[in-house]
Structure formats: C-alpha cells, structure tokens
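Chemist: Pasting a structure below so you can have a look.
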Ligand code: PMP
Ligand code: GLN
C-alpha cells in the first residue's frame, strides 16, 4: 500500500459531517449551502437527464460547456481562452487538482504550498512524488510576502499551488500579492496551479483577479474553477481547467484515465448557468454577504472574536478564551451544543495553528439563528 494514503485519516469534512448527523447538530462544518441551488439550472439538468443523451460525453467536456466557459471567463475576468484547446471539464475541482499534480510533477520536484491549505493538497502533492515546501502565511493579513517567497522558491521548484480566494481564512489575494508570486514564478520558471473555486464568492465590492492574467503567467498558469461554488451545487462536481494549449495537452492525459468524463446532463445545466447575467452573481454575493454578517454579528454578540471574511462561505472564530485546542473545542461544540464547525488545524500540516474554528455561513437565517442559540449555551 502506498504510505501516503495508508497513514491518512479520513478527511475532517467527512468526520465532522458524520458527527453532526450522530448528534443531530446544525452543520456549519463542511461547506455546503442550505439552499438547493438555482431552480432554473436544476430544471435544465433534469430535462437533460430525462430527454438528453446519457452516454459518454466527449472526454474534454461537452462542446457547449467548453464554449460557455471560454465566454464566461472572457466576460468576467477578461481572459481570452480557446474553448477547443485551452478548456477542459473535470469531475469537480478535486479531480482537476489531482490530475494537474499527477501530470505536472516528476518525483523529486519541489512544490511550493501555502499554509493554511485545503486538506487535499498535501497528500496529492506527496502521492505525485513532489517534495513540499510550505510557506506559512501570517494571520490576520495572510499576505504573500516577498521574503517568504524568496526563501521557498529555488531552481528545484517545479509547481506552486495557490488557492485564491483562500479557504479557510476567507482571504482574497489582490494585485500586489499576485504580482509578487508571479515574479518568482517567472524567475524560476515555475508552473502555477491556481485553485480559484471561490472566485465568484467575494464580498464588499471586491473583484477576483485571476493569476493567469498577470504578465508572463498566461503560459504557466493552470486555472481551476468549480460550478459547485459558482452555483451553490456542491454535489454536482463539475469542475473546469483552463491552461495554455501546451500544458492542456498533458493535463488531458491525466484526466482521460482518472475519470475520462463527467455526467452530460450536469454539464448541459452548467453551460446554461454560466451564461447568467450579472444580476445572478450580484444577488448571490449579496445573499452570502448578508448571511456572513448575520452570523458574524451574532457571534460577536455572544463574545466570540470573529476574523474578517473577504470571500468564501466561511468565517473563523478565535477560541483562545475557551482554553484547549480547536479539535477539543469543535468536538465539545458538536457533541454538547449540537453545532458542527471545522478545527482550522486541519488546514495546517503539523497543526501549527490550533486556536481557530471555521464556520460555514451559507445557510438560511433560521439555521444561523438556531446555531447561535445553541452557541450561546456553549460560552
Ligand atoms: N478547492 C477548494 C479550496 C475548496 O474549498 C473545494 C471545496 N470546497 C474544492 C477545491 C473542491 O471542489 P469540488 O467540489 O469542485 O471538487
Ligand atoms: N471544500 C469543502 C469545505 O471546505 C469540503 C469539501 C469536502 O467535503 N470534500 O468545507
């Protein structure tokens, strides 16, 4: 058995959701919305399932979806993508990440990662034979500092893996951070895998800037997106990869033997959804921003220190006043007070940070209020 996976625990999201079920808890742990997702997109998917062709779609994705992805990123992010040579559909961002790392890394290549990091990253890098170089980002700002980048990058660096906006800290990296990262990528001829699944879930008037748009990055960036986050349909697992044709040729080889393809009805529905007008995106952001503020204000009112959330569906609370670590806090919260949260140490290999808990606010007002009532007792 491969030791990377043999010694891994079950992912924290699955464990906390299982505990939430056992304790009949309000689940603010794993990130998924209460809302069933846009009714029109679901209807298109259902119609395509009933009336459509349910056989294997093309390996790179339905042509209509690839065209919709290219148009979508042109309209929202100013990217010029060739739908036939630079766009691929995957079964979620997770497949895209696994495939990209599998395709790009040779055993012994160094891979720069930033902590906190999504829990899938490190095992996937290790399994691909990469040698991780982890850059800890300093809270509360979580900036990509020039000195830390200079220390981590070297002629041995092959890939850097960035998540922007960043789950779990809810940070949006802007032009300055990305420019510093792009400079070291150019200097050391590094490929950037940029997980941008949260690109549309940004608040307070901020705009997401794709790393791929920076000077010298077009040919060296693999951009990853997910319909799960754009349309609040996390179970659908429809992801996208955008990359220069030369890189895409190799990424496609990993995809063809990982999943080969993704359900055609879901692809058709996502193609329809990507064409939605600005009102959808503005409304979606406004709805989540309201939910963020409701949870943040409620928690502050209960005496919790709430960290700022610029993006994603998550906010973090500082549990220092409660003593103990984040795992103990979250276990007590779910079992005694019936609210599930995620201990943020799960995003820090080696558990360097143990005083934060992540809560998902992508919920109906009533769900948020029920969690707040229960957390009032936890203090
Ligand atoms: N990357 C990040 C940073 C995520 O937060 C998530 C899921 N929340 C994923 C990847 C996985 O996306 P998907 O469900 O499309 O595989
Ligand atoms: N990405 C989701 C989160 O951060 C979880 C996805 C999963 O459960 N694999 O909550």
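The values are calculated or read from the model by the stated rules, or taken from the named source; none is laboratory data. These numbers come from a predicted model, not from an experiment. Cβ coordinates were reconstructed from backbone atoms using ideal geometry, including for glycine residues, and neighbour counts include every protein chain displayed.
Chemist: Can we say residue 37 is under 19 Å from residue 278 (Cα atoms) and within 16 Å of ligand 2 (Cβ to nearest atom)?
Modeler: Here the answer is yes, as residue 37 does meet what is asked.
Chemist: OK, next. For the range 204-225, what are the residues that are within 16 Å of ligand 1 (Cβ to nearest atom) and assigned to a loop (DSSP other than H, G, I, E, B)?
Modeler: Residues satisfying the conditions are 208, 210.
Chemist: Follow-up. Anything in the range 76-122 that is closer than 15 Å to residue 221 by Cα, in contact with a strand residue (DSSP E or B) (Cβ under 8 Å, 6 or more places away or on another chain) and part of a loop (DSSP other than H, G, I, E, B)? List them, or say none.
Modeler: Selection gives 79, 81, 86, 105.
Chemist: On the basis of being in contact with a strand residue (DSSP E or B) (Cβ under 9 Å, 6 or more places away or on another chain) and away from ligand 2 (no atom under 16 Å from the Cβ), does residue 234 make the cut?
Modeler: No; evaluated as a whole, the condition is false for this residue.
Chemist: Among the numbered criteria (1) within 16 Å of ligand 2 (Cβ to nearest atom); (2) closer than 17 Å to residue 274 by Cα, which one does residue 61 miss?
Modeler: The failed condition is (1).
Chemist: May I ask you to say which residue of 329, 257 is closer than 30 Å to residue 135 by Cα, over 22 Å from the mean Cα position of the chain (by Cα) and outside any loop (DSSP other than H, G, I, E, B)?
Modeler: 329
Chemist: Which one is surrounded by the fewest Cβ atoms within 10 Å (Cβ to Cβ), of the residues in the range 36-53 that are assigned to a loop (DSSP other than H, G, I, E, B) and at pLDDT 95 or above?
Modeler: Taking the candidates together, the pick is 36.
Chemist: Mind listing whichever residues of the range 333-369 are under 23 Å from residue 284 (Cβ atoms), more than 16 Å from ligand 1 (Cβ to nearest atom) and in contact with a strand residue (DSSP E or B) (Cβ under 9 Å, 6 or more places away or on another chain)?
Modeler: Listed by number, the residues that qualify are 367, 368.
Chemist: Next question. Can you report the number of residues in the range 308-350 which are touching a helix residue (DSSP H, G or I) at 6+ places or on another chain (Cβ under 9 Å), in contact (Cβ under 8 Å) with a residue 40 or more places away in the chain and over 19 Å from residue 374 (Cα atoms)?
Modeler: 8
Chemist: For the range 54-69, what are the residues that are within 16 Å of ligand 1 (Cβ to nearest atom) and assigned to a loop (DSSP other than H, G, I, E, B)?
Modeler: Correct list: 61 only.
Chemist: Let me confirm something: among 374, 294, which residue is touching a strand residue (DSSP E or B) at 6+ places or on another chain (Cβ under 7 Å), at pLDDT 95 or above and assigned to a helix (DSSP H, G or I)?
Modeler: 374
Chemist: Test of understanding: among 268, 346, 362, 357, which residue is assigned by TED's automatic domain parsing to the domain that holds residue 52, at pLDDT 95 or above and crowded, with 19+ Cβ neighbours inside 10 Å?
Modeler: Being assigned by TED's automatic domain parsing to the domain that holds residue 52, at pLDDT 95 or above and crowded, with 19+ Cβ neighbours inside 10 Å holds for just one of 268, 346, 362, 357, which is 268.
Chemist: Can you name the number of the only condition in (1) in contact (Cβ under 8 Å) with a residue 24 or more places away in the chain; (2) more than 16 Å from ligand 2 (Cβ to nearest atom); (3) closer than 17 Å to residue 225 by Cβ that residue 164 fails?
Modeler: (2) is the only condition that residue 164 fails.
Chemist: Please give the number of the condition residue 359 fails out of (1) touching a helix residue (DSSP H, G or I) at 6+ places or on another chain (Cβ under 6 Å); (2) in a strand (DSSP E or B).
Modeler: Unmet condition: (1).
Chemist: Now for a separate question. If you check 205, 225, which single one turns out to be within 21 Å of residue 278 (Cα to Cα) and under 12 Å from the mean Cα position of the chain (by Cα)?
Modeler: It is 225.
Chemist: Listed residues 250, 222; which is farther than 23 Å from residue 32 by Cα, more than 16 Å from ligand 2 (Cβ to nearest atom) and in contact with a strand residue (DSSP E or B) (Cβ under 9 Å, 6 or more places away or on another chain)?
Modeler: From the options 250, 222, the qualifying one is 222.
Chemist: Can you name every residue in the range 226-247 that is within 16 Å of ligand 1 (Cβ to nearest atom) and either assigned to a helix (DSSP H, G or I) or on the phi > 0 side of the Ramachandran plot (or both)?
Modeler: 227, 228, 229, 230, 232, 237
Chemist: Out of 125, 135, 159, report the one residue that is outside any helix (DSSP H, G or I) and crowded, with 21+ Cβ neighbours inside 10 Å.
Modeler: When all the criteria are applied, what remains is 159.
Chemist: I've got another one for you. Return the pair list, or none, for Cβ contacts closer than 6 Å from residues in the range 30-45 that are in contact (Cβ under 8 Å) with a residue 60 or more places away in the chain to residues that are within 16 Å of ligand 1 (Cβ to nearest atom) and outside any loop (DSSP other than H, G, I, E, B), at least 6 apart or on different chains.
Modeler: 30/13; 30/17; 31/360; 41/269; 41/273; 44/269; 45/266; 45/269
Chemist: Across the range 3-24, what is the total count of residues that are more than 15 Å from ligand 2 (Cβ to nearest atom) and either in a loop (DSSP other than H, G, I, E, B) or free of Cβ contacts under 8 Å to residues at least 60 places away in the same chain (or both)?
Modeler: 6
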